[in-house]
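Comments concern the structure below.
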There are 2 protein chains.
Amino acid sequence: MKRELSIKETIQRGANFFMPSLSLDCVIFGFHENELKVLLLKMKNADTWALPGGFIYKEEDIENAAIRVLRERTGLHDIFLRQFHVFGQPSRSEKKFHSNLLRKDGIKVSKDNWILQRFITVGYYALVDFATVTPEPDQSSVACEWKDIYSIQDLFMDHKHILDTALYTLRMQLNYVPIGHKLLPQKFTMPELQKLYETILGKKLDRRNFQRRILSFGFIKRLKETRKGGAHKAPFLYSFDLKKYKKALEQGLQGGW
Amino acid sequence: MKRELSIKETIQRGANFFMPSLSLDCVIFGFHENELKVLLLKMKNADTWALPGGFIYKEEDIENAAIRVLRERTGLHDIFLRQFHVFGQPSRSEKKFHSNLLRKDGIKVSKDNWILQRFITVGYYALVDFATVTPEPDQSSVACEWKDIYSIQDLFMDHKHILDTALYTLRMQLNYVPIGHKLLPQKFTMPELQKLYETILGKKLDRRNFQRRILSFGFIKRLKETRKGGAHKAPFLYSFDLKKYKKALEQGLQGGW
């Protein structure tokens, strides 16, 4: 049953192979050259953008389901997804809205169809270099695009709230996860790292405070090399010390304690 | 339907009023005088301890459900619960194990009863002063007790894994949440705060590093007063600066950025 289903099949017969009342949504942040974006799908028959989301097969691990859903809906693969929050307000499932969408798609369902029930959704997020991946919309979308994070006004259902919560989580994690070790070159300067942090935080940071704090986290190391060729004094190069980070995690010493 | 149900009612007719395949479990950490404990229930008819957990009514917000479940199962109320992770491996629901338990309880259910389906559980945690609360077991438990966190070997189902994940989360949050502002007196010394952190982390910390780091987080302030009366030089007193913390949160400046 793990082949891709048509939209009609999914909706009419979904109760047979999906977990009831449970969905997941993916917030894929994209960073490149000091821009922060998020991957959105433009829905068919609705003038609105949505996060890529989907359902969980009855025998499927939810972590695997998140990876599969992202691949099916956007073409993205080999992406490390982190679970960040469950959205479980009863009001988040708008029965009427869904009924209207289905009518526009020409899909008939009974009033007690599984898709019209209350859904609780598990949020996953990831941060990737958006220049290295080419997203593609699935059959239920007309577009799949990277959108500037700071210009998004409104999204499908409660997806704007899900996006905001993911961004808050990402900003928190800057304190103890080596975010960016796949977004910067292997060796980078302190200003390059600071620019990454500033882009994610959406604000300027003090240079000295930044350097002091980031080094105290214990997952950045200064190399003996400098970057030559600029007009100024050659700046030191740094790299992520993932070994040290891993060891610290294992010892429960996160965050420099 | 929101009255407390008998175990038999809950299990035989639960499909009518609970969300399908979805549960929640609460990890309640207790701290007092440098001891870290967790609140566990001893199950009837099974020689095992479990986290207090339960189900979500069809129209109930999951955050409210967590508060209600904790109150119904342990008597604890007015506790701030934080969602921390969803546990969604298909193998976590042991159908046979549940069937056996039900048989011992003298409860008959059909093979397709809702309680024997796969369950995904949402984990919540809290940290309280265990000297200020008196837990009481519910009708499906024979005891409700605080157990030393470092002496727990095994628990019901995957509850040990849920507990370990909560402890990991709690330790992470020491970096950016004013944990302990209800566990220490309003004014405390730096060694008292350090002892709290050491108890939660399960390890000794360097005094100077601790003081430097904790002050850099921006939610602890030094008062002008000292504590008099000791044999040594009167130590400075500190308190949690929750106003500053709240303002920082609102501005997205968590963790001292």
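Every number in this text was worked out from the coordinates using simple rules, so none of it is lab data. Just so it is clear, the model here is predicted, and its values are computed rather than measured. Methodologically, a virtual Cβ is constructed for each residue, glycine included, from the backbone with ideal geometry; neighbour enumeration extends over all protein chains shown.
If you take the beta carbon distance between B:Lys104 and B:Lys147 as r and set R0 to 30 Å, what does 1/(1 + (r/R0)^6) give as a FRET efficiency, to the nearest 0.05? List each step's numbers first, then the result.
On the way: r = 23 Å, r/R0 = 0.78.
E between B:Lys104 and B:Lys147, to the nearest 0.05, is 0.80.
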Taking only the alpha carbons of chain B, the radius of gyration and the largest Cα-Cα distance, Dmax, both in angstrom, are 21.1, 71
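How much net charge surrounds B:Asn113 when only the other residues with a Cβ under 11 Å from the Cβ of B:Asn113 are counted, with Lys and Arg +1 and Asp and Glu -1? Each step should come with its number before you reach the end.
Working: positive: B:Arg13, B:Lys95, B:Lys108, B:Lys111; negative: B:Asp112.
That works out to +3.
To the nearest whole number, what is the average tally of beta carbon atoms from other chains within 10 Å of the beta carbons of peptide A:19-27? It would help to have the intermediate numbers written out before the result.
Working: counts 9, 6, 6, 7, 0, 2, 0, 0, 0.
For peptide A:19-27, the averaged partner shielding equals 3.
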Treat each spin label as a single point 7 Å out from the Cα along the C-beta direction, and report the A:Asp129 to B:Lys182 distance in nm.
4.6
Label-reachable residues, the stretch B:207-222, where backbone N falls under 14 Å from a point 7 Å from B:Phe236's Cα toward its Cβ
B:208-222
Can you give the net charge of the other residues whose Cβ lies under 12 Å from the Cβ of B:Leu167, counting K and R as +1 and D and E as -1?
+2
Which of these, B:Leu242, B:Leu163, B:Leu184, has the largest mean-square fluctuation under a Gaussian network model of chain B (Cα springs below 10 Å)?
B:Leu242
What share of all Cα pairs of the protein assembly as shown, in percent, falls into each consecutive 20 Å distance bin?
19, 50, 28, 3, 0
In whole Hz, with x marking every Gly and Pro, tabulate ³J(HN,Hα) for the stretch B:149-157 from phi via Karplus 6.51 cos²θ - 1.76 cosθ + 1.60, θ = phi - 60°.
4, 8, 10, 8, 9, 9, 9, 3, 6
Under 5 Å between amide H atoms, partner at least 5 residues away or on a different chain: which partners does A:Asp61 have, H built in plane at 1.01 Å?
none
Computed FRET efficiency, Cβ-Cβ of B:Arg227 and A:Lys95, R0 51 Å: what is it to the nearest 0.05?
0.25
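How do B:Glu9, A:Glu72 rank when sorted from fewest to most other Cβ atoms within 10 Å of their own Cβ?
Details: B:Glu9 12, A:Glu72 15.
Arranged by neighbour count, lowest to highest, B:Glu9, A:Glu72 become B:Glu9, A:Glu72.
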Amide H neighbours of B:Thr48 at under 5 Å, excluding residues fewer than 5 places away on the same chain, with H built from the backbone geometry, are B:Met43
What residues qualify as long-range amide H neighbours of B:Ile220, i.e. H under 5 Å apart, gap of 5 or more or another chain, H built at 1.01 Å from N?
B:Asp241
The stretch B:1-61 and the stretch A:27-78: distance between their alpha carbon centers, rounded to Å
33
Could you count how many Lys pairs in the stretch B:1-139 have their Cα atoms under 24 Å apart, skipping same-chain pairs fewer than 8 positions apart?
29
Along the axis that rotates chain B into chain A, which residue of chain B has the nearest beta-carbon, and what is the gap in whole Å?
B:Pro20, 2
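Which of the three applies to the stretch A:186-251, rounded, prolate or oblate, going by the alpha-carbon gyration tensor with a ≥ b ≥ c and a/c under 1.5 meaning rounded?
On the way: a/c = 2.29, a/b = 1.26, b/c = 1.81.
Since a/c reaches 1.5 but b/c is at least a/b, the shape of the stretch A:186-251 is classed as oblate.
Could you work out the local net charge near B:Phe217, counting Lys and Arg as +1, Asp and Glu as -1, over the other residues with Cβ closer than 13 Å to its Cβ? Display every interim value, and only then the final one.
Values: positive: A:Arg213, B:Arg212, B:Arg213, B:Lys221, B:Lys244; negative: B:Asp241.
My count for the surroundings of B:Phe217 gives +4.
Percent relative contact order of the stretch A:7-172, based on C-alpha pairs within less than 8 angstrom and at least six residues apart?
Numbers: 281 pairs, mean separation 59.7, N = 166.
Answer for the stretch A:7-172 is 36 percent.
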Average other protein chain Cβ within 10 Å of Cβ, residues A:62-68
2
Show me, for the stretch B:126-142, the HN-Hα J-couplings you get by feeding each phi into the Karplus relation (A = 6.51, B = -1.76, C = 1.60, θ = phi - 60°), rounded to Hz, glycine and proline as x.
8, 10, 10, 7, 6, 7, 9, 10, 10, x, 9, x, 8, 5, 9, 10, 9
Sort A:Phe87, A:Phe219 so that the residue with the fewest other Cβ atoms within 10 Å of its own Cβ comes first and the one with the most comes last.
A:Phe87, A:Phe219
